[in-house]
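Undergrad: Before I ask anything, here is the structure I am working with.
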Amino acid sequence: MSKEIINTPNAPAAIGPYVQAVKAGNMLFASGQIPIDPATGEIVEGGIEAQAHQSMKNAVAVLEAAGYTTADVVKTTVFITDLADFGVINEIYGSYFGGSFPARSCVQVAALPKGAKIEVETISVK
């Protein structure tokens, strides 16, 4: 099976030895997206609401670059630094899937790259 590397300027460039996503057959494995504004390379300001929206926008940009949509997402993992933000994140996250929800794990972690409060990774199937 061949692998296709997916990169888009509409999501932040990788900040380590990885790529934004890898397409293998009909599956897309997307790296976690933190709330970096791709235009500035910086974490967005505005608290958890702004960070949740930016992480989801970045995740959607990677999906679209590969020819996928949120309807193709079958599994997400959401990493957050404060479980007290779960309710706000849950509402924002849900708004990006239009009722076609994937399986999901959401876990609290001690820290995320660049001081982010949230990271979202996806696995999709066409």
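Results for (1) under 25 Å from I6 (Cβ atoms); (2) open to solvent by 60 Å² or more (accessible area, probe 1.4 Å); (3) at pLDDT 95 or above, shown as yes or no for each residue.
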| site | (1), (2), (3) |
| --- | --- |
| E49 | no, yes, yes |
| G67 | yes, no, yes |
| L83 | no, yes, yes |
| G87 | no, no, yes |
| E91 | no, yes, yes |
| Y96 | yes, no, yes |
| R104 | yes, yes, yes |
| A111 | no, yes, yes |
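Undergrad: Is it true that G16 is over 14 Å from V120 (Cα atoms) and outside any helix (DSSP H, G or I)?
TA: yes
Undergrad: Output the number of residues of segment 17-26 satisfying the condition of being open to solvent by 30 Å² or more (accessible area, probe 1.4 Å), touching a residue at least 24 places away in the same chain (Cβ under 8 Å) and either at negative phi or of a type in the set (D, E, K, R) (or both).
TA: 2
The values are calculated or read from the model by the stated rules, or taken from the named source; none is laboratory data. Because the structure is a prediction, the values reported are computed rather than measured. Cβ sites come from the backbone with ideal geometry, for glycine too, and all protein chains shown count toward neighbours. Note: accessible area is taken over every heavy atom of the protein model, side chains too, but ligands, DNA and RNA are not part of it. Shrake-Rupley method; radii C 1.70, N 1.55, O 1.52, S 1.80 Å.
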